[in-house]
1. Would you list which aspartates and glutamates come within 15 Å of residue B:93, measuring only between C-alpha atoms, while excluding same-chain residues fewer than 8 positions from it?
2. Hey, in the GNM for chain A with a 10 angstrom Cα cutoff, which one of A:292, A:146, A:176 fluctuates hardest?
3. Given a 1.4 Å probe, how much area per residue of chain A is accessible, in Å²?
4. Over 32 Å between Cα atoms, which of B:8/B:118; A:109/B:118; B:118/B:196 qualify?
5. Over the C-alpha atoms of the protein assembly as shown, what are the Rg and the largest Cα-to-Cα span, Dmax, in Å?
6. What's the angle, to the nearest 10 degrees (0 to 90), between helix A:139-149's Cα axis and the longest principal axis of chain A?
7. Within a 10 angstrom radius of each residue's Cβ in B:77-85, how many Cβ atoms of other chains show up on average? Whole number is fine.
8. With a 1.4 Å probe and all protein chains kept in place, how much accessible area does residue B:45 have, in Å² rounded to the nearest 10?
Amino acid sequence: MSDPARRLPTRASMSSGSDRAFQYLILALASVIVLVFVVSLYLLGKDSWPALQRFGVEFFTQRTWNPVNGTFGAAAMITGTLVTSFAALIISVPLAIASALFVAEYAPKWLANPVGYLIELLAAIPSVVYGLWALFVIAPVLARWQITFFSPEYPERLALYTKCAGIWANDQTTLQCFFVPSSGAGRGLALAIIILTVMILPYTASVARDVIRLVPADQREAMYALGATKWEVISRAILPYARAGIMGGVILALGRALGETLAVAMVIGDSQDILKSLWGNASTMASVIANQFGDAQELLHRSSVVTLGFILFFVSVAVNLLARVLIGRLTPKGVK
Amino acid sequence: MTPILSAKNVNIFYGDKQAVQNVNLDVQPGTVNALIGPSGCGKTTFLRAINRMHDLTPGARVSGQILLDGENIYAPGVDPVAMRRRVGMVFQKPNPFPTMSVFDNVVAGLKLAGMRNKDQLMAVAERSLKGAALWEEVRERLNTPATGLSGGQQQRLCIARALAVDPEILLMDEPTSALDPSSTAKIEELMTDLKKVTTIIIVTHNMHQAARVSDTTSFFLVGDLVEHGPTDQLFQSPRDERTEAYVTGRFG
């Protein structure tokens, strides 16, 4: 007979019970994330249906957005979102990389840390504060420039404006007219791009700074040892090595720019006309949602606004997928 | 013979801490010179002073003179960037530039020096890769990423990259410590050939390696150059008892 005290326990011990409970818990939590994704996709799709059914592909190509007569086309907002985001990206990336290089490579330590911290702090400022700052500080500067553009000393500019105003009235624009101020208000597309540039700068800058700092010392030294100047080390060893990580920061910034709502809604002027002038009023998908959702009582209007959200959702997902592919391609592999 | 490299009263400091004291050392052209000693003895620190790598470390300071072909590389007015082209360096871990092809890695130094002619670059790349005993293995894949090579091949690629600028001195900082035995053997074999075109100063942890490949050996201990002499003599009949203790394996 075996001694009962030495038999293996048959009941599941406490620890294996709590292990299992924890496993179910995290499974449930992880499922919630997937569920939220699926449900929001479903709801967006369901509420978009009336508008998509009514307008079909024209919703994407139609430039008219008129709640009064019930015609809705998102071409102007889709353009607005893409133009503001990519313009802000193009301006902010060189600035961000320059600031990352300054902080990581050039600045003495006593300066690098506070500057790096301040750049990160830019990301912590609420959107609404950026919006106010843009309206009260930057808009007057732009307005002053726009007004001097039309000063009586330059009659040819006024002639140009008159010509462009005619073109704009036909819902068209030319490359030249695109850069002619259409009003003296300061607000509009240009202000939205400026404010987006500042808002997304910290994302690229702080990611770029971190990946630049992580470039192994022997990569730098290998280039120095071949007789490189500091700039040659940066441009030929550090930046190529860090490029995938920097691209990750750029994509993060792009995602932020595409979705930025409040600050842009405050400054862009909320015009659903097609883009006519860099200085004129415009709108983005996010800004229209913010400005019109509360007023959209009628079914088709409401559905059209939701469809904007649906498109924005897909644009963001597509950008992220593209980013993953790009980063995978750029990552240096097999460093032994 | 006039030495190609000659260190005179070299002291190296990191901040207040002295890492190398009063080193005097002559290196003859066309030889392999090993720097040995236990960890932290200052051998790598000394090696890095020879191409002014310490310029890049905040707080590091070198005093004394290091004469390259009779010219003090630490003299005021010497441009460290131009100076480093005359001294090649191979590092502990293979460190090819991962975003560049095999070819671009080899010619990286030449491009820095302003060489743009494709044929000329190709000719030097072939010569350097042959010099590093890698040509036969990579001739078909010059335009593939350098990181596709094995660890041993990568290290020989780094040697080819250093050779391409035709350095008067090639510094090697434990070049085989990250490699397997057969890759190590290839690189050791290579060093004997490289003596014909350059002068090698190698830091090694491995005393047997020093005994196998070098003509002269310098033994460092806590920042002092304890003993320097022909390798056979230093290993078989060391003058200093600390050297003897180290080479017979009593410490280190």
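The values are calculated or read from the model by the stated rules, or taken from the named source; none is laboratory data. Computed from a predicted structure; not experimentally measured. Because the Cβ atoms are built from the backbone with ideal geometry, glycine has one as well, and the counts that use them run over all protein chains shown. Heavy atoms of the whole protein, side chains included, go into the accessibility calculation; ligands, DNA and RNA do not. Shrake-Rupley method; radii C 1.70, N 1.55, O 1.52, S 1.80 Å.
1. Within reach: A:218, A:221, B:173, B:174, B:180.
2. A:176
3. Numbers: 17880 Å² over 336 residues.
Result: 53 Å² of accessible area for each residue.
4. Cα-Cα > 32 Å for B:8/B:118; A:109/B:118; rest within.
5. Reported Rg and Dmax, both Å: 33.4, 114.
6. The two axes meet at around 30 degrees.
7. The mean count of partner-chain Cβ atoms within 10 Å per residue comes to 3.
8. 20 Å²
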